[in-house]
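Asker: Before I ask anything, let me first share the structure, which is written out below as structure tokens.
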Amino acid sequence: MTEKRFLDGKILVKVGDITEEKIDAIVNAANSALLGGGGVDGAIHRRGGAKITEECREIRRTAFPHGLPTGKAVITSGGNLPARFVIHTVGPVYGTNGGKDAALLADCYKNSLELAAENNLRTIAFPSISTGVYDYPKGEAAKVSSNAIRDFLSKTDVINEIRLIFFSEPDARLFLEHHNLS
């Protein structure tokens, strides 16, 4: 798949490794503990190193002792990553939120983008939040995420580029079949 752009070039869809993005911030599809895990979360913590984990521990100690709630977002440095910052957000485990899955997933994107804007970050990259072990249907997640991103961009011009980074070609194609960006 070649890269695809939408919304006057502000959104880039591509296949790749989010930990290699040279960008202001990457988004981590974290678990509520904020201390690493599998998938994207584990990869970010492994490549980013101890500094990210230390900052996450401090966030847990001071702001979220019971864990980061689903849909919320926090920011740390990028540690050893090429990205300057990591925005951590907890996606919903599909089917366990009393019918609020779509709203919670949209909050992940909206709150991450708002946190980037508050920190004057111009470029941000997202993985496909909740579509791995959290079992969110990928086509449905494409609609929710693209609507949240489009709505955010309609209200502000702080963010210059949003990259949607997919781990595999089939996942990127599925997103392109179901998004609401054009």
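Asker: Could you work out the local net charge near Ala63, counting Lys and Arg as +1, Asp and Glu as -1, over the other residues with Cβ closer than 13 Å to its Cβ?
Answerer: Net charge in that neighbourhood comes out at +2.
Asker: Among the DSSP beta bridges whose two residues both lie in the chain, what percent are antiparallel, rounded to the nearest 5?
Answerer: Here the antiparallel bridges make up roughly 30 percent for the chain.
Asker: With runs of 4+ DSSP H residues as the only contributors, calculate the mean residue ellipticity of the chain at 222 nm using -39,500 (n - 2.57) per run, divided by the residue total and rounded to the nearest 500.
Answerer: About -12000 deg cm²/dmol.
Asker: Given the peptides 87-94, 159-166, arrange them by the average over their residues of other C-beta atoms within 10 Å, most packed first.
Answerer: The packing order, highest mean first, is 87-94, 159-166.
Asker: Can you give me the C-alpha center-to-center distance between the range 18-78 and the range 104-125, rounded to a whole angstrom?
Answerer: Value for the Cα centre distance between the two parts: 14 Å.
Asker: Taking every DSSP beta bridge with both residues inside the range 14-100, roughly what % is antiparallel (nearest 5)?
Answerer: That works out to approximately 45 percent antiparallel.
Asker: May I pose another question? Given a Förster distance of 22 Å, report the FRET efficiency between Thr62 and Asn119 from their Cβ-Cβ distance, rounded to the nearest 0.05.
Answerer: Working: r = 18 Å, r/R0 = 0.82.
With R0 = 22 Å, the Cβ-Cβ based efficiency is 0.75.
Asker: Classify the range 99-182 as rounded, prolate or oblate from the Cα gyration tensor: take a ≥ b ≥ c as the square roots of its eigenvalues, call it rounded if a/c is under 1.5, otherwise prolate when a/b beats b/c and oblate if not.
Answerer: It comes out prolate by the Cα gyration axes.
Asker: While we're on this one: By the gyration tensor of its Cα atoms, with a ≥ b ≥ c the square roots of the eigenvalues, what is the shape of the chain: rounded for a/c under 1.5, prolate for a/b over b/c, or oblate?
Answerer: Rounded.
Asker: Placing +1 on the Cβ of each Lys and Arg and -1 on the Cβ of each Asp and Glu in the range 1-140, which of Ala83, Thr96, Val27 has its Cα farthest towards the positive end of the resulting dipole?
Answerer: So the residue furthest toward the plus end is Ala83.
We did not get these values from a lab; they are worked out from the coordinates using the rules stated. Values in this document were obtained by computation on a predicted structure and should not be read as measured data. When we count neighbours, we look across all protein chains shown, and the Cβ atoms used for this are built from the backbone with ideal geometry, even at glycine.
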